[in-house]
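Q: Submitted below is the structure of interest, expressed as structure tokens.
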Amino acid sequence: MGTPDFAVDSLQAIHRSGIEIKAVVTQPDKQRGRGKKVSFTPVKQTALDLGLPVLQPEKMRDNDFIGQLKELNADLYVVVAFRILPKKVLEIPPLGSINLHASLLPNYRGAAPINHALFNGDKKTGLTVFFLNNDQVDSGNIIAQKEIIIEERDNFGILYDKLKVEGSNFLPAVIKNIFNADYQTTSQDISTAVTIDAPKIFPEHFKINWNHSAESIHNQVRGLAPKPGAFCLFNDKRLKIIETSFDISENSHTPGTVIEIDRKNNLINVATGQGVLKIHKVQPEGKSVIDSASFINGYSLSVGMFFRSGE
């Protein structure tokens with residue numbers, strides 16, 4: 001059960017491993033664009049390419065869908081980036097339902113674990129396979145985990161791809177261990193741990209506030225790059241900041257002020273509430289991503305100009 005391309009590699013890996021897949025469950029088709037062209041989810045397209053049956057329920061509690069699931073007589077449900085399953089679905093498979101989650105649970109329960117790990121400047125994250133339950137989201141017993149180092153150059157797109165691939169390498173062996181009853185589980189005891197949640201991100205997460213520290217803005221940029229992108233305003237138009245570094249040295253300039261045009265290193269240095277943000281790449285509104293040199297030349301950027309916080 002899955003929908004976005006994050007689940008595609010796992011589906012392919014399970015299929016390659018020789019595990020029999022009775023069916024694939026994904027979101028219904030959608031109409032997109034002016035021509036209302038019907039598009040399939042990445043998981044559906046992959047399932048069709050592999051010759052696998054596809055189920056696309058509008059509602060997970062639909063009685064006809066529940067009947068179809070029972071007829072499949074599958075031993076285990078495997079969930080990667082899908083909806084919350086109702087109790088009447090979770091109760092069907094004799095071996096239970098498992099989920100691949102892109103964090104080291106119990107940290108970063110929720111819809112956006114990759115974004116939030118980067119927002120917080122974490123140095124590591126990971127993958128967790130756990131049994132789904134009807135309690136709090138992402139709270140079931142843990143079957144296996146794999147730690148992944150977050151590199152300095154990792155942004156959301158890079159880390160997403162890294163976890164997608166590592167998850168597909170990790171998941172089939174866990175499934176086989178469950179079939180062979182060769183596993184142990186651990187409960188998510190949060191009574192003595194300091195845990196961080198990962199709720200869904202909203203447009204307010206995209207707005208850069210230059211009063212924040214350079215490090216905080218840098219982590220915000222990393223957590224949203226290359227898409228959807230953190231943005232500020234320049235000449236009353238949105239300017240997405242795509243790639244940055246930062247310097248903790250203090251300055252007395254108003255946050256958002258361009259304090260240096262560093263042509264040698266292809267950087268735009270902007271004052272923040274604490275430290276200096278060094279901008280490497282941007283995306284002007286309605287344009288493609290460009291490096292700072294192209295932006296400096298194309299928009300006649302000069303010291304003293306001002307980037308406003310996002311609105």
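Q: I need the full set of residues from the stretch 117-158 which are modelled with pLDDT under 95 and aliphatic (A, V, I, L, M), in order please.
A: Matches in the stretch 117-158: VAL137 only.
Q: Please determine, by comparing only the residues of the stretch 216-233 that are closer than 22 Å to ASN265 by Cα and in contact (Cβ under 8 Å) with a residue 60 or more places away in the chain, which one is surrounded by the fewest Cβ atoms within 10 Å (Cβ to Cβ).
A: Top of the filtered list is PRO226.
To keep it simple, each residue is scored yes or no on (1) over 21 Å from THR195 (Cα atoms); (2) buried (at least 18 other Cβ atoms within 10 Å of the Cβ); (3) within 18 Å of the chain's Cα centre (by Cα).
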{"site": "PRO113", "(1), (2), (3)": "no, yes, yes"}
{"site": "LEU118", "(1), (2), (3)": "no, yes, yes"}
{"site": "THR125", "(1), (2), (3)": "no, yes, yes"}
{"site": "PHE130", "(1), (2), (3)": "no, yes, no"}
{"site": "ASP135", "(1), (2), (3)": "no, no, no"}
{"site": "ILE143", "(1), (2), (3)": "no, yes, no"}
{"site": "LEU163", "(1), (2), (3)": "no, yes, yes"}
{"site": "LYS176", "(1), (2), (3)": "yes, no, no"}
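Q: For the stretch 253-274, give me each residue that is part of a loop (DSSP other than H, G, I, E, B) and either among the polar types (S, T, N, Q) or surrounded by fewer than 21 Cβ atoms within 10 Å (Cβ to Cβ) (or both).
A: Taking the stretch 253-274 first, the residues part of a loop (DSSP other than H, G, I, E, B) are 253-256, 263-266, 272-273.
HIS253, THR254, ARG263, LYS264, ASN265, ASN266, THR272, GLY273 - these are the residues of the stretch 253-274 that are part of a loop (DSSP other than H, G, I, E, B) and either among the polar types (S, T, N, Q) or surrounded by fewer than 21 Cβ atoms within 10 Å (Cβ to Cβ) (or both).
Q: Looking for something of a type outside the set (Gly, Ala, Ser), within 22 Å of the chain's Cα centre (by Cα), surrounded by 15 or more Cβ atoms within 10 Å (Cβ to Cβ) and outside any loop (DSSP other than H, G, I, E, B) - is there at least one such residue anywhere in the stretch 35-43?
A: Scanning the stretch 35-43 turns up at least one residue that is of a type outside the set (Gly, Ala, Ser), within 22 Å of the chain's Cα centre (by Cα), surrounded by 15 or more Cβ atoms within 10 Å (Cβ to Cβ) and outside any loop (DSSP other than H, G, I, E, B).
Q: I'm checking my understanding of the structure. Among residues of the stretch 277-295 that are crowded, with 21+ Cβ neighbours inside 10 Å and of a type in the set (A, V, I, L, M), which one is nearest to HIS218 (Cα to Cα)?
A: LEU277
Q: More than 19 Å from LYS176 (Cα to Cα) and charged (D, E, K, R), is that true of LYS36?
A: The answer is yes for LYS36.
Q: So which residues in the stretch 14-34 are under 21 Å from PHE65 (Cβ atoms) and part of a helix (DSSP H, G or I)?
A: None; the set is empty.
The values are calculated or read from the model by the stated rules, or taken from the named source; none is laboratory data. Quick caveat: nothing in here was measured; it's all calculated off a predicted structure. Cβ: placed from backbone, ideal geometry, glycine included. Neighbour counts: every protein chain shown.
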